[in-house]
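The values are calculated or read from the model by the stated rules, or taken from the named source; none is laboratory data. Predicted model, so just to flag it, every value in this text is computed and none were measured. Glycine also receives a Cβ, built like all others from the backbone with ideal geometry; neighbour counts cover every protein chain displayed.
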Amino acid sequence: MPIDYSRQFGKKIMTKGDKKRFINIESIVYIRREGYLTTLYLNTGVKVYEIKSLKEFDKELFGMGFFRIHKNTIVNGRYITEIGSMGKQKKVKLGEIELIVSKRRLKSFKDWIL
């Protein structure tokens, strides 16, 4: 049964062994899957590693302003500063970070952002 994080007052619980770490959901800039690890990039510059699928993060965070722009990337809409093109590809900027929006997700991303 999935956990309802809305009752956690904007916090995300990350478990590592027998320790639990609480992360403010608003501090997550983007999430990227790299190999078997999922990395949460926080606005403080800290990276938090989790062994959890992006599909699980997508389900938990979609209604909270997050959107999956690529098979390996979820972005927090609050941090998007610019949307543009790079050749035939669309990109989003999160401050200085540029990420590619996949062709498959482009239409739904445009619908979501506008």
- prompt: Across the stretch 40-56, which residue is surrounded by the fewest Cβ atoms within 10 Å (Cβ to Cβ) among those that are closer than 27 Å to residue 107 by Cβ and more than 9 Å from the chain's Cα centre (by Cα)?
  reply: 55
- request: Name the one entry in 17, 10, 95 that is at pLDDT 85 or above and on the phi > 0 side of the Ramachandran plot.
  value: 95
Hey, residue 74 part of a strand (DSSP E or B), among the hydrophobic types (A, V, I, L, M, F, W, C), out of contact with any Ser or Thr (no Cβ under 7 Å at 6 or more places or on another chain) and over 18 Å from residue 24 (Cα atoms) or not: no
- line: Only one of 88, 93, 52 is farther than 23 Å from residue 20 by Cα, in contact with a Ser or Thr (Cβ under 8 Å, 6 or more places away or on another chain) and of a type in the set (D, E, K, R), namely 93
field: Selection count, the stretch 20-39, where residues are modelled with pLDDT of 90 or more, out of contact with any Ser or Thr (no Cβ under 9 Å at 6 or more places or on another chain) and either surrounded by 17 or more Cβ atoms within 10 Å (Cβ to Cβ) or aliphatic (A, V, I, L, M) (or both)
entry: 3
Residues that are in contact (Cβ under 8 Å) with a residue 60 or more places away in the chain and crowded, with 17+ Cβ neighbours inside 10 Å, drawn from the stretch 57-98: 94
